[in-house]
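The values are calculated or read from the model by the stated rules, or taken from the named source; none is laboratory data. Here the structure is a predicted model, which means the values were calculated and not measured. With ideal geometry, Cβ positions are generated from the backbone for all residues, glycine too; neighbour counts draw on all protein chains shown. Please note that ligands, DNA and RNA were not included when accessible areas were found on the heavy atoms of the full protein model with its side chains. Shrake-Rupley method; radii C 1.70, N 1.55, O 1.52, S 1.80 Å.
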Amino acid sequence: RSRAQRVNGERVGVRFSDVAGIDEVRDQVEEIAAFLRDPQRFKAFGARIPKGVLLSGPPGCGKTLLARAIAGEAHVPFFSASAAEFVEMFVGVGAARVRDLFKRARAQAPAIVFIDEIDAIGRRRAAIGGSGNDEREQTLNQILVEMDGFDGKDGVIVIAATNRPDILDPALTRPGRFDRKITVPMPDVRGREQILRVHAGSLPLAPEVDLSRIARATPGFSGADLANVMNEAALAAARAGRREVLPEDLYRAIDLQMMGVARPSLALS
Ligand code: ATP
C-alpha cells in the first residue's frame, strides 16, 4: 500500500459481480452499500444504521474480496488493517494505530474500515486469571471505544473478518458493535463453478473446457484455491506457447494445488 492509500484510504474498483456466490448475502451487502452512498438520507428516515459487520468463514473464501466490493459499489475509500499486525507491535502502539486509522477514516467519511483477522485481538478473555496480553486487550478496547464513540451519521462502517467466530469475545458482537453477521461459506459445487467463471473472465478457454466438470473435480477448494488453479492453467498454456487454455492445463493445475494443500496435513499426520 502506498502512503497516499494509507492516509486517504484506497479507492477500490472491485464490484459485486467480481464476487461469486454474492446472491446469498446480496440484500445485506446492498443495504450497507446504499447506506454508505448516502448516510444522511438513511438518517432522515430514522433507519437503524449499521456500525459494525462481522464477516466469518473459512480462509480464502472471499471475506476480504466482499468487503472491498462493498467499498467499490458504494464508491467510498477503504481503510484496512490486520489485527494480527497489531499484536506484534510494541505495547501501546496497537491502540495508537487504531486511533489513527479511525481518525483518517472519519476525515474521509463515508468510508469503510476493514479489520482482518479480528480474532487475533478479539479472543474471549480467559475465564480464570490467565496471562492477559495487555497489547491485545488495549488494541481491542480502542476499537470498541472508537465504535462506541461514533454514531451512524459519521458514515463509517467497520467490517471485521474472522475464520474463528466461535472464539470471539462477546463484547465484540454486542448491539451497536459488530452486530451484523454475514457468513461467507466454503463454496459448494455450484459456487465453485461460479468462482471459476469469474476468474476465467477474459481468459481464452478452449471450447472443450467444461467448468462444471472442473467444479466437480475440486471438492474442498476455496475461492482462493480456484483462482490459483485458473491462473496456473493460464500460465501453463502461455508457457506452452498456446493461445488457448486446454482441459489438461486445468487438471494439472488442480493436481498441483492438491499437492500444495496436502503437504502441511501430511506433515501433521
Ligand atoms: P483470508 O481469511 O485468508 O483472509 P478471505 O476469506 O479474506 O481469506 P479473500 O482474500 O477474499 O479471502 O480471497 C482470496 C482470493 O480468492 C480473492 O482475491 C479472489 O481472487 C479469490 N476468491 C475467493 N472467494 C471468491 C469468490 N467468492 N468469488 C471470486 N473470487 C474469490
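Which FRET efficiency value, to the nearest 0.05, do you get for Ser17 and Ala44 by plugging their Cβ-Cβ distance into 1/(1 + (r/R0)^6) with R0 = 41 Å?
Working: r = 30 Å, r/R0 = 0.74.
For Ser17 and Ala44, the calculated efficiency is 0.85.
With point charges of +1 on the Cβ of Lys and Arg and -1 on the Cβ of Asp and Glu, referenced to the Cα centre of the stretch 46-205, which listed residue (Met147, Ala69, Val87) lies farthest in the positive direction of the dipole?
The Cα lying farthest towards the positive end belongs to Ala69.
What 222 nm value per residue comes from the helices of the chain, counting each DSSP H run with n ≥ 4 as -39,500 (n - 2.57) and dividing by all residues, nearest 500 deg cm²/dmol?
-15000 deg cm²/dmol
With +1 on the Cβ of every Lys and Arg and -1 on the Cβ of every Asp and Glu, and nothing else charged, how large is the dipole of the chain about its Cα centre, in debye rounded to the nearest 20?
For the chain, the charge dipole is close to 600 debye.
Working out 0.36 nm times the residue gap between His75 and Arg239, then minus their Cα-Cα distance, what length gain in nm do you get to one decimal? Don't skip to the answer; put the middle values down first.
Numbers: separation 164, 0.36 × 164 = 59.04 nm, distance 3.81 nm.
Gain in length upon complete extension: 55.2 nm.
Can you find, among Ala4, Gln138, Leu205, the residue farthest towards the positive end of the dipole of the chain? Put +1 on the C-beta of Lys and Arg, -1 on that of Asp and Glu.
In the chain, that residue is Ala4.
Residues in the stretch 140-175, backbone N under 11 Å from the label point at Arg124 (7 Å along the Cα-to-beta-carbon vector): list them, ranges by number please.
Of the residues in the stretch 140-175, 166-171 have backbone N under 11 Å from the label point off Arg124.
Based on the Cα coordinates of the stretch 35-159, what is the per residue volume of their convex hull in Å³? Present the calculation step by step, with values, prior to reporting the outcome.
Working: hull volume 14.5 nm³, N = 125.
Hull volume over Cα atoms, normalised by residue count, gives 116 Å³.
Expressed as a whole percentage, what fraction of the accessible surface of the chain belongs to carbon and sulfur atoms when a 1.4 Å probe is rolled over the protein heavy atoms? Spell out each step's value before the answer.
On the way: 7110 of 13850 Å².
Using a 1.4 Å probe with all protein chains present, the chain comes out at 51 percent carbon and sulfur.
In terms of modelled amide H atoms, which long-range or inter-chain residues lie less than 5 Å from the amide H of Val245?
Distant-sequence amide H within range of Val245: Leu205, Ala206.
Just in the stretch 127-226: which GluC sites (Glu not before Pro) are loop by DSSP and have at most 16 other Cβ atoms within 10 Å?
Taking the stretch 127-226 and a limit of 16 other Cβ atoms within 10 Å, the loop GluC sites (Glu not before Pro) found are Glu208.
For Gly52, what residues show an amide H to amide H distance below 5 Å, using hydrogens built from the backbone and excluding near sequence neighbours?
Amide H to amide H, under 5 Å and 5 or more residues apart or across chains, Gly52 pairs with Val158, Asp179, Arg180.
Hey, what's the stretch 1-86 come to in accessible area per residue, 1.4 Å probe, Å²? Walk me through the numbers on the way to the answer.
Values: 4080 Å² over 86 residues.
Using a 1.4 Å probe on heavy atoms only, each residue of the stretch 1-86 averages 47 Å².
Using the Karplus curve 6.51 cos²θ - 1.76 cosθ + 1.60 with θ = phi - 60°, work out ³J(HN,Hα) for each residue of the stretch 168-178 in order, rounded to whole Hz, and write x for Gly and Pro.
6, 5, x, 4, 6, 9, 4, x, x, 10, 7
So how many Å³ per residue does the convex hull of the Cα atoms of the chain work out to?
159 Å³
Quick one: grab the alpha carbon gyration tensor of the stretch 1-79, order the square roots of its eigenvalues as a ≥ b ≥ c, and give me rounded if a/c is under 1.5, else prolate or oblate depending on whether a/b is larger than b/c.
Verdict is oblate for the stretch 1-79.
Report the trypsin sites (Lys or Arg not before Pro) located in the stretch 153-245 that are in a DSSP loop and have at most 13 other Cβ atoms inside 10 Å of their Cβ, or state none. Display every interim value, and only then the final one.
On the way: sites: Lys153, Arg177, Arg180, Lys181, Arg190, Arg192, Arg197, Arg213, Arg216, Arg239, Arg242, Arg243; in loops: Arg177, Arg242, Arg243.
Sites meeting the loop and neighbour criteria: Arg242, Arg243.
What does DSSP give for the chain in terms of the percent of beta bridges that are antiparallel, rounded to the nearest 5?
Here the share of antiparallel DSSP bridges comes out near 10 percent.
How many lysine pairs in the chain, separated by 8 or more positions in sequence or lying on different chains, have Cα atoms less than 17 Å apart?
Count of close lysine pairs: 7.
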